[in-house]
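Student: Encoded as structure tokens, here's the structure I'll be asking about.
The values are calculated or read from the model by the stated rules, or taken from the named source; none is laboratory data. Because the structure is predicted, anything quoted here is derived from the model rather than measured. Here Cβ is always computed from backbone atoms with ideal geometry, including for glycine, and neighbour counts include all displayed protein chains. Just so you know, the surface numbers come from the protein's heavy atoms only, side chains and all, with ligands and any DNA or RNA stripped out. Shrake-Rupley method; radii C 1.70, N 1.55, O 1.52, S 1.80 Å.
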Amino acid sequence: MGHGVMVTGATGTVGRHLVGRLLARGSRVRALCRSPEHAAALLPRGVEIARGDLTDSASLESALHGVDAAFVLLAEDGGEAFAHAAYHSTGLRQLVVVSADAPRGPGFDNPLFVKHVQGEARLRAAGLPLTVLRPGPFASLALQWAPALAAGDLVGVVHPDLAVPVIDPRDIAEVATAVLLGPEPAGVRILPLSGPQALDVHARVRVLGEVLGRELKVARIAPEQWVRLVAGRLPEAYARQLIEVERYLIERRLPVVASVREITGSAPRSFRTWAQDHAAAFSAPDRAQSFEEAS
Ligand SMILES: NC(=O)c1ccc[n+]([C@@H]2O[C@H](COP(=O)([O-])OP(=O)(O)OC[C@H]3O[C@@H](n4cnc5c(N)ncnc54)[C@H](OP(=O)(O)O)[C@@H]3O)[C@@H](O)[C@H]2O)c1
């Protein structure tokens, strides 16, 4: 039986890597896209494109027709539309969802927590074999520093001492590929995912500076200043939610886990490797805005 995988977020951080890996393994890939025209310009040849939206279950039901697995991102609706569509699909044999380590219960009403907690519960209720990937923060979050580093050598962050084992999105894609094309799954499997080493912002910026051949510095800035700094790129409410997630992560102290190696057979990529492979992203002067300008 040939595999057919529906990939959501195929133009995004993890999905773009997943698509290439699935195609290379001979899988049939269908990308769910809000704008097929935009996606067609980005996706490799051979990917089927289905117009749809993660919050529109009718579009998902039709996009799921004829595939036996789906790679799911959670949208603002906390997986509601996807769970509904998956429950009504006839050919689906498994779901792999990208979630996150999130606190649950009263007091944790941050939408970034809620969407993951609700999303996991709703997809579970769809009754299909389900693999929940719970990566920590992505190495690619460092791209948030690119505008400041195009303008100067200083990165301003709210929590410079926050140490997290950032994960390379390519490793999440490798894990998803192994699960989607691996042995027939059963039940619900939760997989926390991490990179190889917890690094605070000082350490990550130091590595990035070594890779770029520059001496970079980190400054602690107030939450309000950071919200202003990212105003052109992130909606204000979302920026505040991210700061709250960071506060949670300071207390949570995400551990380094072995799951990438266990599932893929390879060690997770280091932050240095991520930085070396994305160095070009830190030399685009047109997006420059230093954090002093935003203060
Ligand atoms: N970033 C992190 O550090 C981190 C950490 C832990 C967990 N996560 C989880 O990982 C997920 C993906 O990471 P990311 O933040 O880097 O996102 P991303 O992959 O860049 O998300 C954007 C992708 O999702 C698609 N998309 C967004 N909303 C959609 C909708 N309503 N319908 C259809 N497609 C939609 C976009 O398609 P278009 O081309 O149509 O825009 C694009 O392909 C997050 O949602 C989060 O759950 C992230």
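Student: So which residues in the stretch 119-146 are over 30 Å from Gln197 (Cβ atoms), open to solvent by 20 Å² or more (accessible area, probe 1.4 Å) and in contact with a Leu (Cβ under 8 Å, 6 or more places away or on another chain), if there are any at all?
Tutor: Arg124, Leu128, Pro129
Student: Something else now. Tally up the residues in the stretch 238-295 that are among the small types (Gly, Ala, Ser) and modelled with pLDDT of 95 or more, please.
Tutor: Filtering the stretch 238-295 for residues among the small types (Gly, Ala, Ser) gives 239, 258-259, 265-267, 270, 275, 279-281, 283-284, 288, 290, 294-295.
Next, only the ones that are modelled with pLDDT of 95 or more stay: 239, 258-259, 265-267, 270, 275, 279-281.
Going through the stretch 238-295 one residue at a time, the tally reaches 11.
Student: Please pick out the residue among Val227, Val218, Val211, Val207 that is of a type in the set (Val, Ile, Thr), more than 30 Å from Thr264 (Cβ to Cβ) and in a helix (DSSP H, G or I).
Tutor: Answer to the check: Val227.
Student: Another question, then. Considering (1) modelled with pLDDT under 95; (2) open to solvent by 60 Å² or more (accessible area, probe 1.4 Å); (3) farther than 20 Å from Gln144 by Cβ, say which one Arg233 fails and leave the rest.
Tutor: Answer for Arg233: the failing condition is (3).
Student: Say whether the condition of being more than 10 Å from the ligand (Cβ to nearest atom), within 26 Å of Val166 (Cβ to Cβ) and buried (at least 18 other Cβ atoms within 10 Å of the Cβ) is met by at least one residue in the stretch 49-69.
Tutor: no
Student: Still on this structure, please answer the following. How many residues, within the stretch 18-39, are open to solvent by 20 Å² or more (accessible area, probe 1.4 Å) and within 11 Å of the ligand (Cβ to nearest atom)? Lay out the reasoning, then the answer.
Tutor: We begin by selecting, within the stretch 18-39, every residue open to solvent by 20 Å² or more (accessible area, probe 1.4 Å); these are 20-21, 23-26, 28, 30, 34-38.
From what is left, the residues that are within 11 Å of the ligand (Cβ to nearest atom) are 34-38.
Of the residues in the stretch 18-39, 5 are open to solvent by 20 Å² or more (accessible area, probe 1.4 Å) and within 11 Å of the ligand (Cβ to nearest atom).
Student: Working carefully through the options Leu92, Leu74, find the one that is more than 14 Å from the ligand (Cβ to nearest atom), modelled with pLDDT of 95 or more and open to solvent by less than 40 Å² (accessible area, probe 1.4 Å).
Tutor: Sole residue among the options that is more than 14 Å from the ligand (Cβ to nearest atom), modelled with pLDDT of 95 or more and open to solvent by less than 40 Å² (accessible area, probe 1.4 Å): Leu92.
Student: Can you tell me which residue among Arg228, Arg206, Arg189 is among the basic types (Lys, Arg), open to solvent by 30 Å² or more (accessible area, probe 1.4 Å) and closer than 30 Å to Arg93 by Cβ?
Tutor: Arg189
Student: Pairs, please: C-beta under 8 Å, at least 6 apart or cross-chain, first residue closer than 12 Å to Ile243 by Cα and in the stretch 218-230, second of a type in the set (Lys, Arg) and modelled with pLDDT of 95 or more?
Tutor: Qualifying pairs under 8 Å: Pro223/Arg240; Val227/Arg240.
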